[in-house]
Amino acid sequence: MSPGEGVVPVVGLEIHAELCTRTKLFCRCANEPGGPPNTHVCPVCLGLPGALPVLNAEAIRLAVLAGLALQGRIGSPTKWDRKSYAYPDLPKCYQISQYDLPICQGGHLTIDLPGGGTKHVGLVRAHLEEDAGKTFHMGGDSAVDLNRAGVPLLEIVSSPELASTQEASVFAREVRRLLRWIGVCHGNMEKGQIRFEPNINLHIQRGGRTYKTPITEVKNLNSFRSLETTIGYEIERQYAVWLKDPEGYTIERATRENRGYDADRGVTVFQREKEAAHDYRYFPDPDLGGVDLDRGWVETLRSGLGELPADRTRRYREIHGLSAKDAAVLTQDAATGDLMDQAVALSADPKRASALLCGAAARLANERGVGIAELGLEPGQLAELATLVEAGELTPTAANTLLTQVLGTGESPRTAAERMSLLVRAVGPELDGYVREALDANPKAVADVRARGKNEKKAFGYLVGQVMQRSRGAASPPEVERRLKEALDR
Ligand SMILES: [Zn+2]
């Protein structure tokens with residue numbers, strides 16, 4: 001039974017993002033996904049007795065950048081704590097994490113709401129910790145791969161302010177876009193570089209009272225789809241359980257649960273009761289000192305952040321007048337936005353440049369599974385294409401064809417257009433010849449247009465297409481329409 005009126009989902013998200021350092025957080029092993037099991041390991045990340053951790057300064061830099069981009073307060077000093085951990089994927093039996101002095105406190109992120117408008121989502125904190133390895137099962141045995149153990153992980157914790165599956169999904173996507181934009185996380189979901197852990201419960205208004213269901217936490221979701229399915233499922237499950245026991249299934253009487261996501265069935269399953277902080281027995285790591293961050297250095301990082309994706313999106317919409325959809329395509333990563341900006345700086349018309357990037361370029365990037373900026377289109381080429389279209393020398397269709405031709409070649413689109421005879425030949429006897437041919441070859445369409453009946457528009461469009469085809473896309477469509485009308489009126 002679906003919850004209806006008076007039932008508000010309350011969702012908080014923990015987002016675990018692997019920072020893209022060259023080496024791990026406390027040793028010199030490579031921070032690289034994949035590779036044969038247990039090949040990126042050393043005494044430190046294996047947790048061998050006597051091995052001492054040495055902090056990776058680059059991880060601190062990336063975490064501070066993320067904290068600044070999330071508008072948080074950078075904590076100084078910040079320190080390291082041991083968190084008890086009783087699973088084989090971290091063999092030293094504790095995880096080095098941050099308890100009371102995280103690297104970033106507070107902060108917020110503004111998201112665009114699915115139904116329009118925006119929402120300010122508060123953040124509780126962001127702290128650094130070491131990632132665990134991976135346990136997997138082979139036949140009847142369990143095996144562990146520690147290549148990932150010790151990889152720097154930034155855990156970003158939102159306030160429980162997300163009120164629907166859609167809001168949580170938009171928020172998760174926005175965090176991923178931001179982290180990729182500022183270059184601190186590659187954000188490859190298939191490689192597990194970003195994972196989500198939602199906390200979910202319901203506030204239910206009935207008979208003048210508010211009932212709160214117990215909070216469940218679902219661990220380790222590594223796709224937006226699994227995040228969405230999980231939250232949707234939990235909302236319905238908790239509501240169904242509460243209906244059967246409205247006085248017992250409440251935050252006061254029932255315990256918090258950790259649940260796992262079963263991707264095959266699209267459901268969550270009970271794992272264990274949720275630990276309280278005291279179960280983790282945090283204590284300061286005696287092998288690592290605190291870290292004092294230089295204020296001047298932090299401010300230098302802040303001023304180097306540049307324009308963040310939300311601001312870039314707003315600029316594209318408000319200054320360039322682009323649609324929300326196109327602005328989102330152009331701001332999927334910083335490099336695509338930069339390509340757009342460089343073309344505009346070379347005096348490309350923003351709407352023409354955007355149409356090329358969001359049309360032919362986006363389709364091609366999608367086919368090749370790369371970002372738009374990775375296609376090999378140079379800003380100068382994009383600017384020239386946009387300018388040719390704007391000047392009426394190239395049709396939008398021909399510009400899309402040309403774009404795929406000049407990718408990675410460095411060739412000037414105008415030169416290529418001349419070579420391929422794609423430039424619009426607006427006047428001249430050639431075009432009248434094409435019009436004559438198209439009319440002669442399609443007497444039915446001609447009759448439909450002249451009859452001015454319900455088929456007129458469609459038939460006229462068909463004839464325009466026939467002329468365009470004969471000109472191999474090189475004629476200007478308005479010019480073709482004008483000459484067709486003239487010929488048909490004769
Ligand atoms: Zn190591």
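None of the figures in this text is laboratory data; all of them are computed from the coordinates on show. Remember, it's a predicted structure, so these values are computed and weren't measured experimentally. In this analysis, Cβ positions are derived from the backbone assuming ideal geometry, glycine residues included, and neighbour counts consider all displayed protein chains.
Return the pair list, or none, for Cβ contacts closer than 6 Å from residues in region 334-357 that are within 14 Å of Gly321 (Cα to Cα) to residues that are polar (S, T, N, Q) and in a helix (DSSP H, G or I), at least 6 apart or on different chains.
none
Has region 215-233 got at least one residue that is under 28 Å from Gly6 (Cβ atoms), assigned to a loop (DSSP other than H, G, I, E, B) and in contact with a Gly (Cβ under 9 Å, 6 or more places away or on another chain)?
Within region 215-233 (the criterion being under 28 Å from Gly6 (Cβ atoms), assigned to a loop (DSSP other than H, G, I, E, B) and in contact with a Gly (Cβ under 9 Å, 6 or more places away or on another chain)), the answer is yes, since at least one residue qualifies.
Just the residues that are within 16 Å of the ligand (Cβ to nearest atom) and within 30 Å of Val241 (Cα to Cα), please, taken from region 1-49.
None - no residue of region 1-49 is within 16 Å of the ligand (Cβ to nearest atom) and within 30 Å of Val241 (Cα to Cα), so the list stays empty.
Hey, any hits in region 182-194 for a residue that's free of Cβ contacts under 8 Å to residues at least 40 places away in the same chain and out of contact with any helix residue (DSSP H, G or I) (no Cβ under 8 Å at 6 or more places or on another chain)?
Taking every residue of region 182-194 in turn, at least one turns out to be free of Cβ contacts under 8 Å to residues at least 40 places away in the same chain and out of contact with any helix residue (DSSP H, G or I) (no Cβ under 8 Å at 6 or more places or on another chain).
Restricting the search to region 166-194, which residues are in contact with a Phe, Trp or Tyr (Cβ under 7 Å, 6 or more places away or on another chain) and polar (S, T, N, Q)?
Of everything in region 166-194, just one residue is in contact with a Phe, Trp or Tyr (Cβ under 7 Å, 6 or more places away or on another chain) and polar (S, T, N, Q), namely Ser169.
Filter region 111-121 for residues that are in a strand (DSSP E or B) and surrounded by fewer than 13 Cβ atoms within 10 Å (Cβ to Cβ) and give the result.
Thr118, His120
Looking at region 301-321, I want the residues that are among the charged types (D, E, K, R) and have a partner that is exposed (fewer than 14 other Cβ atoms within 10 Å of the Cβ) with Cβ atoms under 7 Å, at least 6 apart or on another chain. Which pairs are those?
Arg317/Ala324
Could you list, in sequence order, all residues of region 171-181 that are surrounded by 20 or more Cβ atoms within 10 Å (Cβ to Cβ) and not basic (Lys, Arg)?
Hits for region 171-181 are Phe171, Ala172, Val175, Leu178, Leu179, Trp181.
Those residues that are away from the ligand (no atom under 16 Å from the Cβ) and either farther than 22 Å from Ala328 by Cα or touching a Cys at 6+ places or on another chain (Cβ under 6 Å) (or both), I need them from region 143-184; list them, please.
Ala143, Leu154, Glu155, Ile156, Val157, Ser158, Ser159, Pro160, Glu161, Ala163, Leu179
Could you give every pair whose Cβ atoms fall below 6 Å, whose first residue belongs to region 27-43 and is without any contact (Cβ under 8 Å) to a residue 60 or more places away in the chain, and whose second residue is in a loop (DSSP other than H, G, I, E, B) and within 11 Å of the ligand (Cβ to nearest atom), counting only separations of at least 6 or pairs across chains?
Partner pairs satisfying both residue conditions: Ala30/His40; Cys42/Cys27; Cys42/Cys29; Pro43/Ala51.
Of all the residues that make up region 443-463, how many are of a type in the set (A, V, I, L, M) and surrounded by fewer than 16 Cβ atoms within 10 Å (Cβ to Cβ)?
2
Need the failing condition index for Lys219 against (1) within 16 Å of the ligand (Cβ to nearest atom); (2) without any contact (Cβ under 8 Å) to a residue 60 or more places away in the chain; (3) not polar (S, T, N, Q), just the number.
(1)
Would you pick out the residues in region 133-166 that are closer than 30 Å to Gln105 by Cα and β-branched (Val, Ile, Thr)?
Scanning region 133-166 gives Val151, Ile156, Val157, Thr165.
Among the residues in region 374-387, are any of a type outside the set (S, T, N, Q), touching a Pro at 6+ places or on another chain (Cβ under 6 Å) and in contact (Cβ under 8 Å) with a residue 12 or more places away in the chain?
yes
Checking the condition within 30 Å of Leu301 (Cα to Cα) and either surrounded by fewer than 15 Cβ atoms within 10 Å (Cβ to Cβ) or within 16 Å of the ligand (Cβ to nearest atom) (or both), which residue from Leu68, Leu52, Leu101 passes?
Leu52
Name every residue in region 253-296 that is part of a helix (DSSP H, G or I) and buried (at least 16 other Cβ atoms within 10 Å of the Cβ), in order of residue number.
Tyr280
Can you report the number of residues in region 300-344 which are within 23 Å of Phe171 (Cβ to Cβ), in a helix (DSSP H, G or I) and of a type outside the set (D, E, K, R)?
So the answer is 12.
Any idea which of Leu488, Leu439, Leu403 is closer than 29 Å to Glu367 by Cβ and touching a residue at least 24 places away in the same chain (Cβ under 8 Å)?
None of the other options fit; the residue is Leu403.
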